[in-house]
Amino acid sequence: MRILQIVAAVSPDNVYGGPTTVAVNQCRALAAAGHEVTLAAIGLGFDGDLPGSWEGVPVRLFPGRRVIPGAGFAGLTSPALLRWLTRHAHAFDVVHVHLARDLVTLPAARIAQRAGVPVYAMTHGMIDASDNPLAAPLDAAMTARVLRNCVRVFHLTRREHDDLRSLFGDGLRLAELHNGVLVPDRPPERDPQAAPTVLYLARVQERKRPGTFVEMARRLADEFPTARFVMIGPDEGLGAELRSKIATAGLGDRLVWKGPATHAEGIRAMAESDVYVLPSVDEPYPMSVLEAMSQGLPVVLTDSCGLAPVVAQHDAGIVTDASAAQVTSAVRALLADPAERRAAGERAHATARDEFGMAAIAQQLVDAYSLGAPDAGRSPAAGPDTGRRPGPRRVLFVGINYAPESTGIAPYTTGMAERLLSAGHRVRVITGVPHYPSWSNFTGMRGLRRRERVHGVSVQRIRHYIGSGGHGLGRIGQELSFGAGAVTSSWRGADAVVAVSPALLATACVVARARAGGRPVGVWVQDLYSSGAAEIERAGVVSRLLTRVESWVLGHADGVLVIHSRFRDHVVNVLGVDPDRVAVCRNWSHVDTDRHDEELAAALRLKYFGDAPLVALHTGNMGAKQGLETLVDTARYAERAGSRTIIALVGDGSRREALMDYGAGARNLVFVPSLPDEEYRAILSAADVLVVNEKPGLREMAVPSKLTTYFRSGKPVVAATESDSATADEMAAAGAGRVVPPADPAALLAAIEQAAADPAGCREAARSAQRFVHDRLTVEAAVTTMRDWLSQMTSR
């Protein structure tokens with residue numbers, strides 16, 4: 001299905017709170033289930049251009065305009081959003097509006113209804129009996145009509161159900177739908193001996209009662225002298241009063257209000273806290289409580305909160321009345337008993353997972369959507385025209401790298417094939433012998449061809465020559481032997497072929513066969529050969545030849561997908577490919593660095609690095625373009641300078657043995673073999689600084705795939721690369737750390753040690769990089785781009 005969700009506002013500090021969080025979570029879950037999802041809203045508080053993706057969800061954000069002063073969000077509207085919706089509503093199978101009495105969501109819902117699109121509304125407790133004098137005339141003019149023409153109106157609680165019935169009668173088609181939450185497999189580990197943190201994360205407004213939190217902190221400060229009380233949330237009218245109360249409490253930095261935070265920062269604050277407190281009254285269904293539970297926090301909330309029965313039933317915290325005395329008593333009980341606090345947090349996490357997990361919520365939504373759009377889930381060719389391009393149902397990927405290879409290109413081809421399969425496409429893969437990065441047949445594959453099924457995907461492996469990892473005759477033999485096997489294999493039934501480059505020469509074979517047979521073919525470019533020849537080999541004849549080959553291959557494809565805008569510029573301006581045929585699909589972080597074993601990390605650090613005070617880690621392929629001799633030189637420079645900094649190289653590759661020979665005897669240099677996923681995540685956590693290194697002159701050829709993992713890891717990054725390279729651009733965009741010139745050991749060591757000596761700067765760089773990944777480098781966004789690209793490619 002193609003689904004449009006609409007919410008009033010999206011902002012970096014999540015000022016609209018729960019409805020925006022719910023909308024984003026629903027969109028992510030629906031996208032993961034294979035649906036094409038877009039979120040439309042006013043964009044508030046963004047610097048520069050409004051983003052096209054937010055927390056992994058494709059978004060259409062528009063400028064807002066305040067037309068009713070002093071009315072909060074209800075006084076905002078967006079003519080641009082409403083004009084866009086008028087033009088594009090018909091292109092969606094379903095429109096889901098997070099509805100309030102405002103001038104964004106109400107007219108948007110009406111526009112979609114008048115366009116004949118099935119509309120669903122979720123009111124989040126925001127449409128209730130109100131004493132606002134504008135509520136009644138607005139309900140009569142628009143709210144009642146919108147709600148009565150919805151296929152379903154979702155409510156959170158029985159109380160909300162009754163309120164809607166009393167206001168609008170029995171004509172509404174009401175259905176209960178819980179707010180869902182993204183729940184990690186395991187809650188964050190917390191040290192029971194550490195000083196506890198009590199967290200308030202909500203808007204600073206009257207209903208949330210932040211003053212009660214301050215009073216609770218004041219009463220408990222002497223009983224628990226190491227406890228900290230942290231408040232996070234945007235000011236909605238009580239800021240001056242709250243600051244005064246905090247100052248009067250006299251607790252210094254033990255009681256702080258940090259102001260607004262992004263959603264990701266809020267989740268991190270929860271992960272770093274021990275108790276969550278929301279003293280608000282008449283709160284219908286606070287998302288912050290569910291998110292706190294998902295992070296393994298016991299919660300304290302009042303008995304008028306819509307989630308109070310769930311918390312009480314599962315013993316996931318403490319439910320109190322609204323008095324400061326009772327809130328204080330509840331927090332006291334949890335602070336005084338670390339074992340019970342931990343147990344309540346584990347019960348909270350289990351409740352969030354089992355009762356409010358997003359997969360179940362997404363399925364409820366899909367089931368409900370099918371009532372209004374019964375044909376939307378079918379193949380586009382089988383259903384009515386919704387204004388959407390039909391996409392290929394049967395997709396063939398041809399690429400030399402695939403699982404079980406765990407680094408380089410393979411994780412992206414594998415991940416995309418599996419995601420498209422789960423989205424309802426029939427996916428096949430033709431691939432090679434697992435060989436990277438060791439450049440050896442490490443699985444012992446025998447025979448010329450082998451068929452297997454990998455996580456549901458049908459995979460045919462082609463036996464081919466394996467080179468040594470360089471760029472000479474061995475590489476040519478490897479690519480041509482794989483290409484010959486790929487074009488002589490069966491492509492029966494494929495609606496579209498996606499050739500993954502590298503390998504360029506094999507891709508040329510695939511494009512030639514597809515063109516001869518009239519089959520749509522696209523090329524997914526992970527590395528640029530023409531740039532590589534110019535930048536690494538600096539061989540004019542080879543560079544010109546590869547430029548001609550790459551230009552022919554990409555120019556004869558029906559579509560070209562590249563992983564970075566810098567690649568697109570090269571493909572269009574240097575290789576001469578039609579810009580309308582070239583799209584950008586960013587690679588995502590395929591290593592879940594959020595999950596790692598701290599005990600294992602400590603053990604690996606001790607095993608490989610002993611008592612070294614500072615470890616700088618490089619991971620991934622050890623090939624020519626990495627120029628890792630510079631890291632060996634940096635380790636020797638550190639030794640001569642009397643530094644105890646360890647330079648560690650993790651992984652394998654064609655240059656590993658040569659690098660080990662080159663670095664023989666260097667005391668500050670450690671080689672670590674390729675590690676299984678769990679140990680790889682742990683060793684990233686064990687490092688102090690992560691390093692990416694490139695040869696001098698390398699600018700456009702590639703964007704190191706390790707960067708997405710580095711950015712997600714929560715560690716500062718130092719890059720030794722040209723200042724105008726794609727890697728430097730990526731570092732700057734992410735705010736991930738320092739960039740120094742390549743092949744300069746002194747500058748690299750200084751940057752590593754300066755980064756480690758600035759903990760506050762490290763934390764900020766890590767947070768910035770994680771936000772970058774969260775906002776721009778998600779698999780959901782990549783899958784959406786791939787599916788749109790396939791549809792466009794096959795419709796030409």
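Annotations for the structure displayed:
- Strands (runs of 3 or more DSSP E) wholly inside the range 442-522 containing at least 1 residues that are touching a Ser or Thr at 6+ places or on another chain (Cβ under 8 Å) and without any contact (Cβ under 8 Å) to a residue 40 or more places away in the chain: 449-454, 457-462
- Of all the listed residues (Gly56, Gly64, Gly125, Gly52), the sole one being surrounded by fewer than 19 Cβ atoms within 10 Å (Cβ to Cβ) and in the same structural domain as Gln26 (by TED's automatic domain parsing) is Gly52.
- Subset of the range 118-131 (residues that are touching a residue at least 24 places away in the same chain (Cβ under 8 Å) and more than 22 Å from Ala91 (Cβ to Cβ)): Thr123, His124, Gly125, Met126, Ile127, Asp128, Ala129, Ser130
- A Cβ distance below 7 Å, combined with a sequence gap of six or more or placement on separate chains, defines the contacts here; from the range 654-673, residues that are in contact (Cβ under 8 Å) with a residue 12 or more places away in the chain and more than 13 Å from Thr630 (Cα to Cα) reach residues that are outside any loop (DSSP other than H, G, I, E, B) and of a type in the set (Ser, Thr, Tyr) in the pairs Val670/Tyr608; Val672/Tyr608.
- The strands (runs of 3 or more DSSP E) falling completely within the range 105-223 that include 3 or more residues that are farther than 23 Å from Glu236 by Cβ and modelled with pLDDT of 90 or more map to 119-122, 152-155.
- Residue count for the range 759-776, restricted to those that are under 24 Å from Ala417 (Cα atoms) and surrounded by 22 or more Cβ atoms within 10 Å (Cβ to Cβ): 1
- Some residue of the range 362-371 being under 22 Å from Leu278 (Cα atoms), touching a strand residue (DSSP E or B) at 6+ places or on another chain (Cβ under 7 Å) and not aliphatic (A, V, I, L, M): no
- Test result for Ser791, at pLDDT below 90, assigned by TED's automatic domain parsing to the domain that holds Gly559 and over 20 Å from the mean Cα position of the chain (by Cα): yes
- Output for the range 293-309, where each listed residue is assigned to a loop (DSSP other than H, G, I, E, B) and either of a type in the set (Val, Ile, Thr) or surrounded by fewer than 22 Cβ atoms within 10 Å (Cβ to Cβ) (or both): Asp303, Ser304, Gly306
- Residue ID - surrounded by the fewest Cβ atoms within 10 Å (Cβ to Cβ), chosen from residues in the range 615-639 that are out of contact with any helix residue (DSSP H, G or I) (no Cβ under 8 Å at 6 or more places or on another chain) and over 12 Å from Leu749 (Cα atoms): Gly627
- Per-region count, the range 738-796, residues closer than 30 Å to Leu396 by Cα and not acidic (Asp, Glu): 21
- The residue list Ala115, Ala144, Ala89, Ala109 contains one member that is under 28 Å from the mean Cα position of the chain (by Cα), within 28 Å of Gln364 (Cβ to Cβ) and in contact (Cβ under 8 Å) with a residue 12 or more places away in the chain, which is Ala89.
- For the residues Arg681, Arg656, Arg667, the requirement of being assigned by TED's automatic domain parsing to the domain that holds Ala766, surrounded by 21 or more Cβ atoms within 10 Å (Cβ to Cβ) and over 26 Å from Ala736 (Cα atoms) singles out Arg656.
- Within the range 140-173, tally of residues that are under 29 Å from Ala348 (Cβ atoms) and touching a strand residue (DSSP E or B) at 6+ places or on another chain (Cβ under 7 Å): 3
- The range 731-759 residues that are assigned by TED's automatic domain parsing to the domain that holds Leu669, paired with ones that are of a type in the set (D, E, K, R) (beta carbon under 7 Å, 6 or more apart): Pro742/Glu694; Pro742/Lys695; Pro742/Glu722; Pro745/Asp633; Ala751/Arg738; Ala755/Arg738; Ala756/Asp688
- Condition check for Glu452: within 30 Å of Ala781 (Cα to Cα), acidic (Asp, Glu) and in contact with a Pro (Cβ under 9 Å, 6 or more places away or on another chain): no
- Pick from the range 348-363, criterion touching a Gly at 6+ places or on another chain (Cβ under 9 Å) and of a type outside the set (A, V, I, L, M), ranking: surrounded by the fewest Cβ atoms within 10 Å (Cβ to Cβ): Gly357
- Listed conditions (1) basic (Lys, Arg); (2) modelled with pLDDT of 90 or more; (3) over 21 Å from Asp569 (Cα atoms) are all met by Arg548, apart from (3).
- Residues located in the range 1-11, provided they are buried (at least 20 other Cβ atoms within 10 Å of the Cβ) and at pLDDT 90 or above: Ile3, Leu4, Gln5, Ile6, Val7, Ala8, Ala9, Val10, Ser11
- Evaluation of Asp162 against (1) crowded, with 24+ Cβ neighbours inside 10 Å; (2) over 33 Å from the mean Cα position of the chain (by Cα) (one fails), failing number: (1)
- The range 722-750, subset over 18 Å from Ala765 (Cα atoms) and touching a strand residue (DSSP E or B) at 6+ places or on another chain (Cβ under 8 Å), residue surrounded by the most Cβ atoms within 10 Å (Cβ to Cβ): Pro742
- Matching residues, the range 467-509, being charged (D, E, K, R) and either modelled with pLDDT of 95 or more or in contact with a helix residue (DSSP H, G or I) (Cβ under 8 Å, 6 or more places away or on another chain) (or both): Glu479, Asp495
The values are calculated or read from the model by the stated rules, or taken from the named source; none is laboratory data. Worth saying up front: this structure is predicted, and the values here are computed from it rather than measured. Every residue, glycine as well, gets a Cβ built from its backbone with ideal geometry; the counts of neighbours run over all protein chains shown.
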